[in-house]
There are 2 protein chains.
Amino acid sequence: MEVAIVTVGDELLAGRTTNTNAAWLCERLDGQGVAVGRVTTVPDRVADIARVVNEYRAEYDAVIVTGGIGPTHDDVTMDGVAAALGRPLAEDERVLEWLEEEGGYAREELTEGTAAIPKGARPLHNRVGVAPGAVLEGVYVLPGVPSEMRGMFETVAPEFRGEAVHREVVVADEPESALLDRLEALRERFDVGVGSYPGESVRIEIRGADETVVGEAAAWLTERVESPQR
Amino acid sequence: MEVAIVTVGDELLAGRTTNTNAAWLCERLDGQGVAVGRVTTVPDRVADIARVVNEYRAEYDAVIVTGGIGPTHDDVTMDGVAAALGRPLAEDERVLEWLEEEGGYAREELTEGTAAIPKGARPLHNRVGVAPGAVLEGVYVLPGVPSEMRGMFETVAPEFRGEAVHREVVVADEPESALLDRLEALRERFDVGVGSYPGESVRIEIRGADETVVGEAAAWLTERVESPQR
């Protein structure tokens, strides 16, 4: 299973918010063996949202869209997703009931559009905030407020399942260029993927479907590199 | 001027790294009046990098690509960008000279490809690390290590210039839905953009090209909302 994540918001594109929602979702999905093929941030504009959602819907098994849901004029994500799916928005009776029963809102007091999701979508309950989420045709719409997004994702998490990937990290206190021969030998010897991430030291990540092989590969490499702080 | 940012790296898509490079670049560009239209993270795969770079090159004034440059097998960004631009990679004499003179590397010791950039590109000096950056046809390739990326961006920052945007933030200690009428009145009365970001309080951002108008709009709104902690 491979998914794409679309994060909506001018505040992300202006650098006033770091995209921690994307990192959180990627980590959760990775933990469930689901690969993320793209993470894309788009502005609060209906046409941009619709276009990217449509492109990714055609290429990935699911698309998770976060941010830009709610009652204000710059919350246009539901409009964008509805446009991508060729559906109108419609007030959802289940959402209205949640808002009345749990939120204590009277229907006539609610801002127009508060309970609107693409027609035919399954609403997702927001236990932390007001704005509902929605799922339709593999597109999952979640809030942008991190606590609301996380809570709502947990309710759909079982729908994202892939093959488990095992990982081990070996840290080497050597220049990355000095390690090339050993990394190549590692890849030849073991059926694993290898990523190399330089920083103060070099983090070498070994990943594969077979936990034993990943463990053996990590042990093999650990014996052959300089460990930090010895 | 509107640009797109492409961040390359499996580690980002697996949620093991938060994309602070994107936030930093967005903030710097915003400060120079340059809009960012997309931020997209792609895997360490040549075809994915080439495809997204090509798509954004056609749509934006410039594309900034970070991450995945260096000597290891998973550093394929230069290959992806070269493919997008229809050029081969070639060792660059200026880069070899930097590495010899400042890095103290002998040419024959350097890993093959260390000095390779797309043929015809302008190399960008990496004063913090080894891997060079490159600029060609509006595509800027920068390292993924944050200190290297930041240092290198500063050398090209003067090439990114847009119209200054002024911003003021008003914080309201009220539910977002209660503020809708006042936000609408604000937008009608003043020639400004308005963003509303709920959290513990609601952050309302007012932006516009005219600093005086933005200031007047912020003052008008401040008088009409509940400020926190009064």
Legend entry - Relative contact order [Cα under 8 Å, 6+ residues apart], the stretch B:2-159, whole percent: 23
Legend entry - In nm, spacing of pseudo-spin labels at A:GLU97 and A:ARG28 (7 Å Cα→C-beta vector): 2.5
Inset, instruction - May I ask you to evaluate 6.51 cos²θ - 1.76 cosθ + 1.60, the Karplus curve with θ = phi - 60°, for each residue of the stretch B:166-180 and list the ³J(HN,Hα) values in order in whole Hz, giving x for glycine and proline? - result: 9, 9, 9, 10, 10, 9, 10, 9, 9, x, 4, 5, 6, 8, 4
Inset, instruction - Can you bin the stretch A:80-158 into rounded, prolate or oblate? Criterion: square roots of the alpha carbon gyration tensor eigenvalues sorted a ≥ b ≥ c, rounded for a/c under 1.5, prolate for a/b above b/c, oblate for the rest. - result: oblate
Legend entry - chain B shape via C-alpha gyration tensor axes, a/c threshold 1.5: prolate
Legend entry - Pseudo-label separations to other copies for B:ARG28 - Cα-to-Cβ vector, 7 Å, nm: 3.2
Legend entry - Global form of the stretch B:166-222, assessed from the alpha-carbon gyration tensor, a/c cut-off 1.5: prolate
Legend entry - Inter-copy spacing of B:MET1 label points, which lie 7 Å from Cα along Cα→Cβ, given in nm from shortest upward: 4.3
Legend entry - Per-selection Kirkwood Rh - the stretch A:1-123 (Cα, Å, 1 d.p.): 15.5
Legend entry - Mean residue ellipticity (222 nm) of the protein assembly as shown, computed from DSSP H runs ≥ 4 via -39,500 (n - 2.57), nearest 500: -10500 deg cm²/dmol
Legend entry - the stretch A:74-90 - phi-based ³J(HN,Hα) in whole Hz, Karplus 6.51/-1.76/1.60, Gly and Pro as x: 8, 9, 10, 5, 4, 4, x, 5, 4, 5, 4, 8, x, 10, x, 7, 8
Legend entry - Degrees separating the helix A:20-31 axis from the principal Cα axis of chain A, which is the longest one: 60
Inset, instruction - Return the distance in nm (one decimal) between the two label points of a simple spin-label model at B:GLN229 and A:ARG187, each offset 7 Å from Cα along Cα→Cβ. - result: 5.2
Inset, instruction - Using a 10 Å cut-off on Cβ to Cβ distances, tally the other chain neighbours for every residue of B:190-202 and report the average as a whole number. - result: 4
Legend entry - Within chain A, percent of DSSP bridges classed antiparallel, to nearest 5: 60
Inset, instruction - Would you give the gap between the C-alpha center of the stretch A:1-64 and the C-alpha center of the stretch B:68-118, rounded to a whole Å? - result: 31
Inset, instruction - Report, as an integer, the average count of C-beta atoms from other chains found within 10 Å of each Cβ along B:125-133. - result: 1
Legend entry - Acute angle (nearest 10 degrees) that the helix A:46-59 long axis makes with the longest principal axis of chain A, alpha-carbon atoms: 50
Legend entry - Residue of chain A whose Cβ sits closest to the axis mapping A onto B, with distance in whole Å: A:THR40, 2
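Here, each number is a calculation from the coordinates, and none is a lab measurement. This one's a predicted model, so the numbers in the text were calculated from it and none came from an experiment. Note that we place each Cβ from the backbone using ideal geometry, even for glycine, and neighbour counts take in every protein chain shown.
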